[in-house]
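Values in this text are rule-based calculations from the coordinates and carry no lab data. Because the structure is a prediction, the values reported are computed rather than measured. Backbone-built Cβ (ideal geometry, glycine too); neighbour counts: all protein chains shown.
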Amino acid sequence: MDQLPNLGRELEMLSEMGMSSIDELFADIPEDVRRNDSLPLPPPQSEEQILADAQRLLGANIHLDSRPSFISAGLARNFVPTMVPMLATRGEFLTSYTPYQPEVSQGMLQAMWEFQTMVSELVALPVANVSMYDASTAAAEAITCAVRVRSKRSSQPNTVYVSEFVPPHRMSVIKNYTQGVEIDIKILPHRVDGTLDLDAAKAANDSCAVYVEQPNAFGSMDEGLMSLRSIIGEKTALIVGVDVVSLGLMEAPGNWGADIVVGEGQPFGIGPTAGGPIYGIFACTKDYLRLMPGRIVGQSLDADGKIAYTLTLSTREQHIRRHRATSNICSNETLIALMGAMHMSLLGPEGLERLALRVTAATQTALESVVSIGGVELIHPELPVFREFAVRLPCSSRETLDLMDSKGVMGGFDLSRWWGSMGDCLLIGCDERTTKEDIESLTSALALSISEVRS
Amino acid sequence: MSSVFDFNGAPGSGWSQPKPIRKDAGKNIPESMRRNTLPRWPRASEPELVRHYTLLSQRNFGIDTGFYPLGSCTMKHNPRINERIVQMPGIDRIHPLQPDSQVQGLLAIYYEMQDMLSICAGMDSVTLQPVAGAQGEFTAIRCIQEYHNSNGESNRNKVIVPDSAHGTNPASAAMCGYEIVEIPSGTDGRLDLQALRAAVDGDTAAMMITNPSTLGVFEPEIAEAARIVHEAGGQMYYDGANFNAILGKTDPGRMGFDAVHYNLHKTFSQPHGGGGPGSGPIGVKSHLAKYLPSPIAARRARTEEDPRGAGDGFWYFWEEPECSIGKVQQWNGNAGAVVRAWAFYRRYGRDLERMSEHAVLNANYLRHRIMRDHDDSSTLVMPKDGAPSEVVKHEFTLDMTPLKDATGVTAKDVAKRLLDYGYMAPTLYFPQIVPECLMLEPTETESKDVLDKFADDFLSILSEDPEIVKNAPHTTPVRRVDEVLAARQLILRHPCE
């Protein structure tokens, strides 16, 4: 209640309007829809009380930094530089709206134009927007965008091929976003060794789009994807989902034929935050520019000829084009993208490479240590991994994880929650902060838990 | 001002991090998959970047820097405790796939928010998963679509929207594959029941409408509109963008709606952050609840066998609705926004009604000060009401045609001139049914003194030399920006050379 500057001045303001009661302001609400009782909610609290309750409730959660943690599945238990939240929460950024008035929004506009540049450089494509909600909506809207651009000239109109190793939650988002506009999603199979079946991928030739991920849902990386362009033909959109940190080491998809690159931006800028707010990156070639979703900042000049920035290509958007818009997206994740830009600027090129090396070093070390346990096998032993790897246990992964939990180790993700047939599989995720001691704890807890489950 | 790409220090001279935990890091990745050239990101030190981003922030206008009467956007004060709470490891350092036993406190907050939002809107179930208002609209229309499909009525392929609706309404329905039927507003700007009756038929899937309307006026015949749509077998969808006007006074359930979205970034103080993040939960009546996205926070009484809980006697868990449409965001929504909104709601509790009262009081007061406090000599240039009405709700519209006719000064010119006076411009040229429209929403967090000063400044602009107004702004970091040039030259990134 301490948020109302005019508390106690109501009558003074009402009387200036010739009124004597607040009720007169609501007299236009017909009796039959009016609420006459109070809201059945608890009494108001002070800031002090709210903080105490927040500490009690959020303090009851067990957070990732409180123990060795190997749960990732597309989010990173990253380290965010201190500068990032401190500057991004400056009120001028935090409390601004979408920069519709460029003359007083140059700060955010320039920061987003710089963000677009960093994403563009990262993935080697010329154009990026100022963010999507997350990696999954970015992938889904990349698919609808590709269909808009390609469908009319394709021999497989409205048809898109998606790798079967895309995580199920992302597939669910993709299905929700594509079902209404009648896009036919066909599944691209993988071979037993985990690689995409490139022979089967020939079926995608001259379809609207192909969507694959590098690394895939199991953390595996597949060199065969780099030859997809020649298999699917020049006219089919190649959409690639990436781990943004991996691009400190891996060739950028824009350099092996990708038309659109999407991914989870979260490792740059913000903690896992219980799944949001995070942000999706979206970058593409110029062919897709005019039909892509999301806000885009362009450089221009002001009335005095000075360089200035403004939102551009707005005629794609819902507030102008209404039901013919390329997307309904309006609010996006700008502030989190700003945090991402700050983090990327601090890293610099060499810092990005080191970050990727730290992640891959931890992943490889954990992998070697875990597969030394008797009965534990990699599900795709031939493939290099980044951030994550999937193993098959000699017993139930859920029971094993529960036991590891009781030993104070978050051992990973039970893959049967995604694929029912993988009840003995575990997805183990690492990050730049994973230490040798963490890996020792993981390995001993896993070995001990397996023997306890089996006994 | 300089660009971040102007920083180009020695390689590796910037922000430091530990070494990889093994010397042969990266050797597991074949050379043929490796990149040869790193992205041309800046090479900068922390002191340089702190100054760069501080200077950028000083070229940005927020609620913290001045009055932000942006209609339809509810730019209210963002309490700082929100930011303090979301930095706690119990939210920042939580993974959405952690087992229920490790996130009892977060689940308790989700449950409380679902409950509170249901109560405030007169709905039966709430999901917090959609991460923006537009995504909430999309999600609710998806649920309605599944509802019709499961009733064997997949032939219903039309969604009705008034011509005054937010652009996201038709865009969201179109993304679900619906044909849009736009109905014209009446001459008074209100919903035209005759037009509605003519538009509904056996193909009607839903009607999407906001109330108060985008003109800031309450639709008095809303309950009748709901009856008309329901009789035709359609569903009623409430766009919650204007929810700040009616909390505790009425609710969409009473008006006859089946589904509603909330904007936690409007009504419940999640900061707008220059365009996001937002959060767009939806509430539905019981017949739509089983289609909601998965998962939803649920609870039961805690037993001896349960591990430690949130300390309130309940055991919380994630639950999948029976016929869920699946996911619209890959995790459980913008949890950070949910927690901020929780902290905000706790400040009011059962007195949320006071918040709406003050939002409406401020809007009516500002409208009164602008429309009534002028002498006769200025009437020629005075704006007209966007819609005739005794009172408005949380926002109102002005038709600036008289000024344009008398002087050539447009609504946009006035908006730009307001920037010189240290205000954010109102919403411009929306709703499109009002000519030369300015839409103002002061919110409940502005003082009478600010409103008085703004009204005085606004009125004085109307009698300024038209050339000064037409060429505004004059004192901002940059002058009027050439948007046509931006779209023509399409310089969308730095060359990095």
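If you filter the stretch A:189-247 for trypsin sites (Lys or Arg not before Pro), then keep DSSP loop positions with at most 16 other Cβ within 10 Å, what is left?
Those satisfying the criteria are A:191, A:235.
From the Cα gyration tensor of chain B, with a ≥ b ≥ c the square roots of its eigenvalues, which class applies: rounded if a/c is under 1.5, or else prolate if a/b is larger than b/c, or else oblate?
Verdict is oblate for chain B.
Evaluate the distance, in nm, between pseudo-label points positioned 7 Å from the Cα of residue A:286 and of residue B:201 along their respective Cα→Cβ axes.
Distance between label points: 4.7 nm.
Roughly what % of DSSP beta bridges within chain B run antiparallel, to the nearest 5?
Around 60 percent antiparallel, to the nearest 5.
At R0 = 56 Å, how high is the FRET efficiency between residue B:32 and residue B:155 if r is their beta carbon distance? Nearest 0.05 is fine.
Plugging the Cβ-Cβ distance into 1/(1 + (r/R0)^6) gives 0.55.
State the Cα centre-to-centre distance between the stretch A:126-201 and the stretch A:254-333 in whole Å.
19
Of the DSSP beta bridges with both residues in the protein assembly as shown, give the percent that are antiparallel, rounding to the nearest 5.
Beta bridges within the protein assembly as shown, antiparallel portion: roughly 60 percent.
Tell me, rounded to the nearest percent, the portion of alpha carbon pairs in the stretch A:22-128 spaced more than 19 Å apart.
I get 76 percent for the Cα pairs in the stretch A:22-128 exceeding 19 Å.
Given R₀ = 41 Å, FRET efficiency for residue B:456-residue B:489 by Cβ-Cβ distance, to 0.05?
Here the calculated transfer efficiency is 0.50.
Would you please name the trypsin sites (Lys or Arg not before Pro) within the stretch B:1-55 that are DSSP coil residues with at most 10 other C-beta atoms within 10 Å of their C-beta?
Sites meeting the loop and neighbour criteria: B:23.
Distance from the Cα centre of the stretch B:164-217 to that of the stretch A:367-409, in angstrom?
54
What is the mean number of Cβ atoms from other protein chains located within 10 Å of the Cβ atom of each residue in peptide B:162-169, rounded to a whole number?
So the per-residue partner count for this stretch is 4.
Using only alpha carbon pairs under 8 Å that are at least six residues apart, calculate the relative contact order of chain A and give it in whole percent.
Contact order relative to length: 20 percent.
So which GluC sites (Glu not before Pro) in the stretch A:331-386 are both in a DSSP loop and have at most 14 other Cβ atoms within 10 Å of their Cβ?
When the GluC sites (Glu not before Pro) of the stretch A:331-386 are filtered for loop state and at most 14 Cβ neighbours within 10 Å, A:382 remain.
From the square roots a ≥ b ≥ c of the eigenvalues of the alpha-carbon gyration tensor of the protein assembly as shown, which class results: rounded (a/c under 1.5), prolate (a/b over b/c), or oblate?
Prolate.
Set the Förster radius R0 to 56 Å, insert the Cβ-Cβ distance between residue A:421 and residue B:464 as r into 1/(1 + (r/R0)^6), and round the FRET efficiency to 0.05.
Between residue A:421 and residue B:464 the formula returns 0.15.
Defining a contact as two alpha carbons under 8 Å apart and six or more residues distant in sequence, what relative contact order in percent does chain B show?
Computed value for chain B: 19 percent relative contact order.
For the stretch B:81-351, take the convex hull of the Cα atoms, compute a quarter of its surface area, and give me that in nm², please.
Averaging across all directions leaves 14.5 nm² for the Cα convex hull.
Beyond a 24 Å Cα-Cα separation, which of these cross-linked pairs lie in this structure: B:393/B:448; A:235/B:158; B:384/B:470; A:436/B:23; A:235/A:286; B:249/B:285?
A:235/B:158
Summing Lys, Arg as +1 and Asp, Glu as -1, what charge do residues with Cβ under 11 Å from the Cβ of residue B:442 carry, residue B:442 excluded?
0
Can you check what the net charge comes to around residue B:20, using other residues whose Cβ is under 10 Å from the Cβ of residue B:20 (Lys, Arg +1; Asp, Glu -1)?
+3
With each pseudo-label sitting 7 Å past Cα toward Cβ, what's the residue B:303-residue B:46 distance in nm, one decimal?
Calculated label separation equals 5.1 nm.
Rule-of-thumb check for chain A: C-alpha Rg over 2.2 N^0.38 Å?
1.13
Going by Cα centres, the stretch A:1-49 and the stretch B:391-443 are how many Å apart?
27
Starting from the Cα of residue A:9, move 7 Å in the Cα-to-Cβ direction to define the label point; list residues of the stretch B:357-371 whose amide nitrogen is under 17 Å from there.
Counting only backbone N, you get B:357-370.
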